[in-house]
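Taking it in order: structure first as structure tokens, then the write-up.
The values are calculated or read from the model by the stated rules, or taken from the named source; none is laboratory data. Every value quoted in this text rests on a predicted model; they were computed, and no experiment measured them. Glycine also receives a Cβ, built like all others from the backbone with ideal geometry; neighbour counts cover every protein chain displayed. In case anyone asks, the SASA skips ligands and DNA or RNA and just uses the protein heavy atoms, side chains included. Shrake-Rupley method; radii C 1.70, N 1.55, O 1.52, S 1.80 Å.
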Amino acid sequence: MAIAGGSASGKTTFASRLQALLGDAYCAVLSQDRYYIDQSSVFRGDGENVNFDHPSALDFSLMRQHAETLGMGSAVEAPIYDFASHKRSIQTFRFDPRPVILLDGTLILNDPGLRELADHRIFISASEACRFERRMSRDTRERGRSPDGVQRQFERQVKPMHDQFVEPSRTFADEVISGETGFEERLSAWAALLREGASRPSRE
Ligand SMILES: Nc1ncnc2c1ncn2[C@@H]1O[C@H](COP(=O)(O)OP(=O)(O)OP(=O)(O)O)[C@@H](O)[C@H]1O
Ligand SMILES: [Mg+2]
């Protein structure tokens, strides 16, 4: 299942709540964040020479390969990426297959291969003001970034890439869910559907 949407729209929150409802043995989240290409040797500063919001910053070929392998019931060695140092670890994480794999990331629905692999496609939607505010508090608190750096990166990279690649991919979603309000009802509907392995929940 693909879970796309703008940065800080609430994708990871939705995916981890869904995983909690389904249980770790039944469901796992494969995050696009793992697949950043290591650009630590050229990185100068937030919002400068490296654009982490462009599809070319990510190894979608490896992510597709892993999603496919997991879908066929085999484990993969998933990369480990550190946001503070912009480095891919030399270690990997053994990711075991599950009946439900959630693909979480801004550009999942922009990638034709991942889109095709997913049997359900969701887009989490939130306004630009909401996404900026959340990103500012998360990146300064959890990712060791400065407020100036977060603002510069948002204006120069996050927003233009959102408008060019993320927002247009909304059209590929089977369902758009607001990430600004509680998504309780949609979470329980999707959990029930995924447990049964049926095709699509009703909105009733
Ligand atoms: N439905 C919601 N209502 C209120 N706050 C929310 C909701 N969903 C997420 N948040 C908050 O918004 C922030 C960003 O959420 P989250 O990390 O899930 O975004 P994301 O889409 O995964 O972002 P990114 O693409 O940058 O990884 C978090 O602080 C989270 O607690
Ligand atoms: Mg996330």
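Along the Cα→Cβ direction, 7 angstrom out, place labels at residue 77 and residue 195. What is the inter-label distance in nm?
3.7
Once amide H atoms are placed 1.01 Å from N in the peptide plane, what residues at a sequence separation of 5 or more from residue 58, or on another chain, have their amide H within under 5 Å of its amide H?
Result for residue 58 returns 37.
Report, largest value first, the span of the C-alpha coordinates of the stretch 2-196 along each principal axis, in whole Å.
So the three principal-axis extents are 47, 38, 29 Å.
With the contact rule set at Cα under 8 Å and sequence spacing of 6 or more, what percent relative contact order holds for the stretch 3-66?
Contact order relative to length: 24 percent.
Pairs of Cα atoms under 8 Å, at least six residues apart: use those to get the relative contact order of the chain, whole percent.
Rounded, it is 33 percent for the chain.
Would you give the gap between the C-alpha center of the stretch 95-148 and the C-alpha center of the stretch 151-165, rounded to a whole Å?
The distance from the Cα centre of the stretch 95-148 to that of the stretch 151-165 comes to 14 Å.
Provide 87, 159, 11 ordered by accessible surface of protein heavy atoms (probe 1.4 Å), highest first.
87, 159, 11
Ranked highest first by average number of other Cβ atoms within 10 Å, how do 119-127, 88-96 line up?
119-127, 88-96
Measure off 7 Å from each Cα along the Cα-to-Cβ vector at residue 142 and residue 48, then give the distance between these two points in nanometres to one decimal.
Calculated label separation equals 2.6 nm.
Applying the Karplus parametrisation 6.51 cos²θ - 1.76 cosθ + 1.60 with θ = phi - 60° to the phi angles of the stretch 5-10, what ³J(HN,Hα) value in whole Hz is obtained for each residue in order, glycine and proline being reported as x?
With coefficients 6.51, -1.76 and 1.60, one gets x, x, 5, 6, 7, x Hz.
If you bin every alpha carbon distance in the stretch 28-102 into 5 Å steps from zero, what whole percent lands in each bin?
All Cα pairs, binned at 5 Å, distribute as 3, 15, 26, 22, 15, 10, 5, 3, 0 percent.
Any idea of the accessible area per residue across the stretch 2-196, 1.4 Å probe, to the nearest Å²?
Numbers: 9080 Å² over 195 residues.
Ligands and nucleic acids excluded, the figure is 47 Å² per residue.
Output ³J(HN,Hα) for the stretch 133-138: one whole-Hz value per residue in order, computed from phi by the Karplus curve 6.51 cos²θ - 1.76 cosθ + 1.60 with θ = phi - 60°, and x for Gly and Pro.
With the stated coefficients, the stretch 133-138 comes to 4, 5, 5, 4, 5, 5 Hz.
Which peptide among 151-157, 102-108 comes first, and what is the full order, when sorted by highest mean count of other Cβ atoms within 10 Å?
Ranking, from highest mean packing down: 102-108, 151-157.
Quick query: amide H of residue 29 versus all other amide H atoms, modeled in the peptide plane; which residues come in under 5 Å with a sequence gap of 5 or more or a different chain?
102
At 1.4 Å probe size, with the rest of the protein present, what percent of the exposed accessible area of the chain is carbon and sulfur atoms? Show your work: numbers first, answer last.
Numbers: 4770 of 9820 Å².
That fraction is 49 percent.
Using the Karplus equation 6.51 cos²θ - 1.76 cosθ + 1.60 (θ = phi - 60°), what ³J(HN,Hα) coupling, rounded to whole Hz, does each residue of the stretch 94-108 give in order, writing x for Gly and Pro?
Whole-Hz 3J(HN,Hα) from phi for the stretch 94-108: 6, 10, 7, x, 9, x, 10, 10, 9, 9, 10, x, 4, 10, 4.
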